[in-house]
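Each remark here refers to the structure printed beneath this line.
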Amino acid sequence: MIVRPRKEDHLVIGKFTGKVIIGVGMLMLIPLAVSIGFREWDTAVDFIVSIAACFVFGFGVQAVCRTAKDLSWSHGLVVASGSWFFATALGALPHFLSGHGGSYLDMLFDVMSGYTTTGLYMLQDLDHVSMGLNMWRHLLTYAGGQGIVVIALTFLFKGTAGAYKVYVGEGKDERLLPNVIQTARAIWLVSLTWLGIGTLFLGVRGLMLGQGPARAFFHALWVFMGAWSTGGFAPQSYNTFWFHDIGYEVICIVIMIAGSFNFALHWAMWTGKRSEIRKNVETISFFVTLSITTMVATFFLAKANVYPDAMSLFRKVFYQLVSGHTTTGFSTIYARAFVTQWGPIGLIATTVAMAIGASACSTGGGIKGIRMGVISKGVLQDIRRMISPESAVVMEKYHHIRDTWLSDDTVRAAMTVTIAYLSLYAIGSVIGVLYGYPLDQAAFEMVSAASNTGLSCGVTNPLMPEVLKITYIFGMWLGRLEFMSVFALIGYGYAVVRGK
Amino acid sequence: MRTRFITALLMGAALLALCAAPAWAADAPIPKNDPSSTQLVEKPKQFNGTRVTFTGEAIGEVMVRGDYAWIHLNDDAYMERNAEEGAKLGGYNSGMAIWVPAALTKQIDTYGDYKHEGSIVQISGTFNAACKEHGGDMDIHADSVTMIRPGHVVVDPVPGWKAALAAGLALLAGALYWIERKTRNRVTPHRGV
């Protein structure tokens, strides 16, 4: 029997969702300050409208939903996915008011893409967008990378025991420190340190490349946010192709890879456990699959004679593959060049890299390195069992922060989520094919959306069918929250309607 | 008398033409690119190594690298009038990266951004599908730059309805905040699970 949620359940969900949305409104104060600094008055008013709308929602819901009850697990999941839903709806206001959006759906697409660190976009005439709106686009992706709930946890939740349940609901389950609020703050400490160093390196490089000081600084900040959050947004429509510089690309590669690593791995390194990077199952899995996909793409592009020399070939292939595998979405080639220059094998290699994706509990998406590592170890364990005597007890270990014995339950859990991702990729690809796109391009684009990568081969554009836009929005949402939270929200809605 | 009148009329017409000339130039149709940036990206092999003439809005900034510089020219729907000026939305930006002698970029007075519509310039040069000199970038190596139309400042005023909406919502948010603070301690008692 499905139990209809009680009034208390609605109140607790409303109260915590309201808190998260107030957090979103407070985040908009940063782009508002940038707009005022650059005397972009129309954009500044867009942000005042949007901040006020977030506060009306947040304070209004909090005024109505008064309860002393703390969150249960199902509440946590519903708050996480529900907050993302409302944060997307209200976060799209500055985009829509800017006049650069074809429709509100397009702007919802952009904001969901930002929060989920995907990087696909519908904004039109990006090259004439204001500094304030660009700040908001990149801040969305930076905040989304850490998790918007992590932001709320850090600043608004004040030590509630149920906070961990919302944190897990957002697709993160590592406790770096005993207390979840301290964990959220540790994530911010790591991210802000990287922000300072990364922006400095990119900014100095930008100055050396001929950018003016203001543009060098803001481009560095935004490119850092796009790279670290594995978001892939960039301030110009040319993406990182704008800079035409191998030095800038190398810095981006370092930041993209660092951003794709598990926060637990970062914390281990931070606290002096340097050997973790060599031993961790996720880093090993990442470097193995990155090497394989890079070699395959390099081999076939060399055969097709696309690039004039080995250095150019490796530079282009490695950058796009790192970008795809870390689920960032930066590119130094035109979107359509994936089709017109790289061809089917290049598309497939990039699709596989995107599908596997980054590390768990990172800013990235995709199936995740730890699941690939666990499944590979599980397969090896089964093979060893088959060739060992019946009486032998075959056990496999994997290393993630500590050595852990591999259990059948762990392998089954990894397989379940992997199958869910593969099903999502397949459903979206079929919808793309039904709309007339070739299978390789439809699969590339859907995998890019659902793995939160953001590379495009040209399918995504403001004129694409609305159903496909909605498919990609759901793909981004489901992929980022790793299914459970969204299923919990749907279940909650069903229980409200059909429960007894 | 008649001769003097005709002379004055002709001189007036000539003066009018002189004054109006920049306005005509400003409104002169921009030559359509053939190939356009879209065609170059769609058929890179076909155009690789060919000489092209390309017209577009100078975007962002010039990045000088020694004697040469990078500029980016957009030949999209916003080349003459951008979205901030009320141009009808026409899809993504599209354009080409141009590698050009730095001295030739001095005539470009404005680069397009939020507050500016960039100068429209025409370049001639060689298209590279994957440039050997620039790590495989798709670019055009230009040897001539001609100014077609100077750029201009874009004014984006705040519409009255937007200012009123901002004020109304801000007041409402303030009122709700006040109510929330006042009623904070009136909590629905929790009856346990």
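Every number here is computed from the coordinates shown, using simple stated rules; none is lab data. All figures in this text were calculated on a predicted structure; none of them were measured in a lab. Cβ: placed from backbone, ideal geometry, glycine included. Neighbour counts: every protein chain shown.
Only the Cβ atoms of Lys and Arg (+1) and of Asp and Glu (-1) were treated as charged; on that basis the dipole of the range A:356-483 about its Cα centre amounts to roughly 240 debye.
In the range B:94-193, a dipole from Cβ-located charges (positive for Lys and Arg, negative for Asp and Glu) runs towards its positive end, and of B:V153, B:W178, B:A166 it is B:W178 whose Cα lies farthest in that direction. Taking the dipole about the Cα centre of chain A, with the C-beta of Lys and Arg at +1 and of Asp and Glu at -1, give me whichever of A:G210, A:A268, A:M225 is farthest to the positive side. In chain A, that residue is A:A268.
Scanning residues 5 or more positions from A:G364 or on other chains, those with amide H under 5 Å from its amide H are A:S359, with H placed 1.01 Å from N in the peptide plane. For the range B:22-153, the residue among B:I59, B:G95, B:Y111 whose Cα projects farthest onto the positive side of the dipole built from Cβ charges is B:G95. Each part gets one Cα centre, and for the range A:434-500 versus the range B:70-120 those centres are 34 Å apart. Peptides B:123-136, A:471-484 ranked from most to least packed give A:471-484, B:123-136, packing being the mean of other C-beta atoms within 10 angstrom over each peptide's residues.
Just how many pairs of Lys in the range A:237-383 have C-alpha atoms closer than 18 Å, counting pairs that are eight or more places apart or on different chains?
Details: A:K279/A:K368; A:K279/A:K377; A:K303/A:K316; A:K368/A:K377.
Lysine pair count for the range A:237-383: 4.
Shielding of A:461-474 by partners, i.e. mean partner chain Cβ atoms within 10 Å per residue? Before the final figure, lay out the partial values.
Working: counts 2, 4, 3, 0, 0, 0, 0, 0, 0, 0, 0, 0, 0, 0.
Partner Cβ neighbours, averaged per residue: 1.
Couplings 3J(HN,Hα) of the range A:115-120, computed from phi: 4, 7, 6, 7, x, 6 Hz, in residue order, whole Hz [Karplus 6.51 cos²θ - 1.76 cosθ + 1.60, θ = phi - 60°; x for Gly and Pro]. The H on the amide N of B:A69, modeled in the peptide plane, is under 5 Å from the matching H of B:V100, B:A102, each at least 5 residues off or on a different chain. Counting Cβ atoms of other protein chains within 10 Å of each Cβ in B:77-90 and taking the mean gives 4. The amide H of A:T67, built 1.01 Å from its N in the peptide plane, has B:T188 as neighbours under 5 Å, considering only residues 5 or more places off or on other chains.
Basic side chains Lys and Arg get +1 at the Cβ, acidic Asp and Glu get -1 at the Cβ, and with that the dipole of the range B:22-153 about its Cα centre reaches some 300 debye.
Its Cα gyration tensor gives the protein assembly as shown an equivalent ellipsoid, and the semi-axes of that ellipsoid, as √(5λ) in whole Å with the largest first, are 46, 34, 21.
Can you give the helix-only mean residue ellipticity at 222 nm for chain A, where every DSSP H stretch with n ≥ 4 adds -39500 (n - 2.57) and the sum goes over all residues, rounded to the nearest 500 deg cm²/dmol? Present the calculation step by step, with values, prior to reporting the outcome.
Values: 22 runs with 336 residues, N = 500.
One gets -22000 deg cm²/dmol as the mean residue ellipticity at 222 nm.
Per the Kirkwood treatment, what hydrodynamic radius in Å, one decimal, follows for the range A:377-438 from the mean inverse distance over all distinct Cα pairs?
Numbers: mean 1/r = 0.0692 Å⁻¹.
It works out to 14.4 Å.
Overall dimensions of the range B:22-153, expressed as equivalent-ellipsoid semi-axes from the Cα gyration tensor (√(5λ), whole Å, largest first), are 23, 17, 13. Here the protein assembly as shown is treated with +1 on each Lys and Arg Cβ and -1 on each Asp and Glu Cβ, and its dipole about the Cα centre works out to around 2220 debye. Taking the DSSP beta bridges with both ends in the range B:22-153, the antiparallel portion is around 90 percent.
Given axes a ≥ b ≥ c from the Cα gyration tensor, I'd like to know whether the range A:1-156 is rounded (a/c under 1.5), prolate (a/b larger than b/c) or oblate. Prolate.
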